[in-house]
Amino acid sequence: MDELESVVTAIPGPRSRELATELARYEAPGVTYLADDYPVFWERATGALITDVDGNRYLDLTSAFGVAATGHTNPRVTAAIVEQSTRLIHGMGDVHPTEVRTRLLARLAALAPGALSKTYLATSGAEAVEFALKTALLASGKPHAIAYGGAYHGLSLGALEVAGIEKFRLPFAPLVAEHATFLPFPGAGAAVDDAIAAVRAALVHDPQIGAVIVEPIQGRGGVIVPPAGFLRALRALCDERALVLILDEIYTGFGRTGTMFACDREGVVPDLLCVGKALGGGVPLAATIGTPRVMDAWPASSGEALHTSTFLGNPLACAAALANLEELVRLDVVAQVRAREGGLADRLHALASSPSVRDVRGVGFLWAVEFDRPEIANRVVVRGLARGVILLQSGPAGTSITIAPPLTIDDLQLERALELFERTVRETEASW
């Protein structure tokens, strides 16, 4: 059936292999992993289906890093991009604004929780994080921050200051400013009181700490879900000590966890909220949304912005985001995720009895299956690709596979993709 996977060549196919050779010739090393059995080159995508350059079709359990929340090439997002492209593709950033940018800023203020109403638009999640760190400094007057082991906030130099995955920091250690105190992220079984006590101890040790940056659920770190009440307790402590609370919802925002933002699950409103990935519907766009109290620490522009970029508020990206946010509401993806969360959880928990599976965890449409060795997780990803399902290895040591399908994937596609995943896990274990 056209709505399911279809593998018609060896994987990778001949054209993918040709392109891999060409890519290796021209792309900087260290970007794309290339092997005899991986990857394939994508040509087109729609909904939850990916088609490669050899005509093979795959079911996507990654949403392409969580981006395709409303489906790949969502028709209404595509139409908005086409319409905008006939009028204005590029504006002039912080000099001459556009109407579409203004409308997007107003829409984000309406969607964001609490008093979050002032936004800086960025191109990447890393830039949104860096803007948040700059804002925290201006608002608190203190240059240091508390961050968490296993955190992924982006790979630019500023973001690396608060990145808790050592393999990303270590090669560039001479360039990375040591402004962060890293604490263990409280996962399953951790006590909230202990996690908050660790923050208090860090504040005693370093009085220059002015902010806490944390993911409500660690995404790239392997979908680590903190204990209930952790975010609320952290918010209370930040209020008590006048700390700026930065929540990185670049992965978890816009319905992924069964609420519009993951912080909504505990009724927590941060001072700064970093979003991205699903925001632009596939077009690069991120944002830092803050309260007026914190954002107004920035001085008014005197004609030269203190933080900006050439593509700030790009009209195409803003138009795509407006259409995408409208689709999230029109399709009621939050209710969809909530209604199907239990079924997805049950299917994945069925793997918990597998000999190589160490843990199954997650919420909404963001889950991880953790294996006892990274080699098994890698083999499952590669074998799954050959069977027609796109999977993503994750976790600091690569021991997990993240399951984060498009929020609009239909029941038949989701069932089939999970069936392929489960079969691949069982067969990989049997052959190990």
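Starting from the residue with the highest accessible area, list T308, T291 in decreasing order, probe 1.4 Å.
T308, T291
Leaving out ligands and nucleic acids, and using a 1.4 Å probe, what accessible area per residue does the chain come to in Å²? Can you show the working numbers first?
On the way: 17970 Å² over 432 residues.
Counting only protein heavy atoms, the per-residue value for the chain is 42 Å².
Taking every pair of alpha-carbon atoms in the stretch 345-391, give the share separated by more than 18 Å as a whole percent.
Values: 350 of 1081 pairs.
Considering the stretch 345-391, 32 percent of its Cα-Cα pairs are separated by more than 18 Å.
If r is the Cβ-Cβ distance from T308 to E375 and R0 is 35 Å, what FRET efficiency results, to the nearest 0.05?
Details: r = 45 Å, r/R0 = 1.28.
E(calc), rounded to 0.05, equals 0.20.
How large is the convex hull of the Cα atoms of the chain per residue, expressed in Å³ as a whole number?
Numbers: hull volume 64.1 nm³, N = 432.
It comes to 148 Å³ per residue, whole-number rounded.
Note down the nm distance, to one decimal, between modelled labels 7 Å out along Cα→Cβ at A115 and at L412.
About 5.1 nm separates the two model spin labels.
Of the beta bridges DSSP finds with both residues in the chain, what % are antiparallel, to the nearest 5? Please report the intermediate quantities before stating the final value.
Numbers: 34 of 50 bridges.
If I count the DSSP bridges inside the chain, around 70 percent turn out antiparallel.
In straight Cα distance, which lysines are under 28 Å from K167, not counting same-chain residues fewer than 8 positions off?
Filter leaves K134, K142, K277.
May I ask you to rank R265, R361 by accessible area, largest first, using a 1.4 Å probe over the protein chains only? The partial results should precede the final answer.
Details: R265 95, R361 35 Å².
Greatest to least solvent exposure: R265, R361.
With only alpha-carbon pairs counted, each pair once and no self-pairs, how large is the Kirkwood hydrodynamic radius of the stretch 241-339 in angstroms? Provide the component values of the computation, followed by the final result.
Working: mean 1/r = 0.0665 Å⁻¹.
It is 15.0 Å.
Suppose only helical runs count, i.e. DSSP H with n ≥ 4. What mean residue ellipticity at 222 nm does that imply for the chain under -39500 (n - 2.57) per run, divided by all residues and rounded to the nearest 500 deg cm²/dmol? Present the calculation step by step, with values, prior to reporting the outcome.
Details: 14 runs with 163 residues, N = 432.
The helix-only estimate for the chain comes to -11500 deg cm²/dmol at 222 nm.
Report, to two decimal places, the Cα Rg of the stretch 23-118 normalised by 2.2 N^0.38 Å (N = number of residues).
That works out to 1.49 for the stretch 23-118.
Calculate the all-directions average of the projected area of the stretch 97-211's alpha-carbon convex hull, and give it in nm². Can you show the working numbers first?
Values: hull surface 37.2 nm².
Mean projected area of the Cα convex hull: 9.3 nm².
Compute the Cα gyration tensor for the stretch 82-156, then decide on rounded, prolate or oblate, letting a ≥ b ≥ c be the square roots of its eigenvalues: rounded whenever a/c is under 1.5, prolate when a/b is larger than b/c in the other cases, and oblate in all that remain. Intermediate values should be presented prior to the final figure.
Numbers: a/c = 2.15, a/b = 1.83, b/c = 1.17.
Note, shape of the stretch 82-156 comes out prolate.
P(r) for the stretch 346-432: what percent of alpha-carbon pairs falls in each 10 Å bin, starting at zero?
18, 58, 23, 1
Can you give the convex hull volume per residue for the Cα atoms of the stretch 179-290, as a whole number of Å³?
In the stretch 179-290, the Cα hull volume divided by residue count equals 108 Å³.
7 Å from Cα along Cα→Cβ at both A198 and E178: what's the point-to-point distance in nm?
So the two model labels end up 2.0 nm from each other.
To the nearest 10 degrees, how steeply does helix 192-205 sit against the main Cα axis of the chain, on a 0 to 90 scale?
Once rounded, one gets 50 degrees.
Run the accessible area of the chain with a 1.4 Å probe and give the carbon-and-sulfur part as a rounded percent. Provide the component values of the computation, followed by the final result.
Details: 10230 of 17970 Å².
Answer for the chain is 57 percent, counting heavy atoms of protein chains only.
Taking Cα pairs under 8 Å and at least six residues apart, what relative contact order does the stretch 92-195 come out at, in percent? Could the numbers behind the result be given before it?
Working: 109 pairs, mean separation 19.7, N = 104.
Answer for the stretch 92-195 is 19 percent.
Largest first, how would L306, L88 line up by accessible area (1.4 Å probe)? Walk me through the numbers on the way to the answer.
Values: L306 120, L88 65 Å².
From most accessible down to least: L306, L88.
Over what distance in Å are the Cα centres of the stretch 1-62 and the stretch 379-393 separated?
Here the two parts' Cα centres lie 11 Å apart.
Using only Cα atoms and rounding to the nearest 10 degrees, what angle (0 to 90) does helix 333-349 make with the longest principal axis of the chain?
60 degrees
Tell me the relative contact order for the chain as a rounded percent, counting alpha carbon contacts under 8 Å between residues six or more apart.
Working: 892 pairs, mean separation 96.6, N = 432.
This gives 22 percent for the chain.
Please work out the FRET efficiency for the pair E240 and A430, using the Cβ-Cβ distance as r and a Förster radius of 56 Å; give the result to the nearest 0.05. Can you show the working numbers first?
Numbers: r = 54 Å, r/R0 = 0.97.
Computed FRET efficiency for E240 and A430 comes out at 0.55.
Taking the Cα-to-Cβ direction at D37 and at A352 and moving 7 Å from each Cα, how far apart do the two end points lie in nm?
Here the modelled spin labels are 3.0 nm apart.
Any idea how far the Cα center of the stretch 213-275 sits from the one of the stretch 71-141, in Å?
20 Å
Let me check against my output: what whole-number percent is the relative contact order of the stretch 20-94, with C-alpha pairs under 8 Å and at least 6 apart? Could you put the intermediate results ahead of the total?
On the way: 49 pairs, mean separation 13.9, N = 75.
Dividing the mean separation by the residue count of the stretch 20-94 yields 19 percent.
The values are calculated or read from the model by the stated rules, or taken from the named source; none is laboratory data. On a predicted model such as this, the values are computed, not experimentally measured, just so you know. Here Cβ is always computed from backbone atoms with ideal geometry, including for glycine, and neighbour counts include all displayed protein chains. Surface areas here come from the heavy atoms of the whole protein model, side chains and all, with no ligands, DNA or RNA. Shrake-Rupley method; radii C 1.70, N 1.55, O 1.52, S 1.80 Å.
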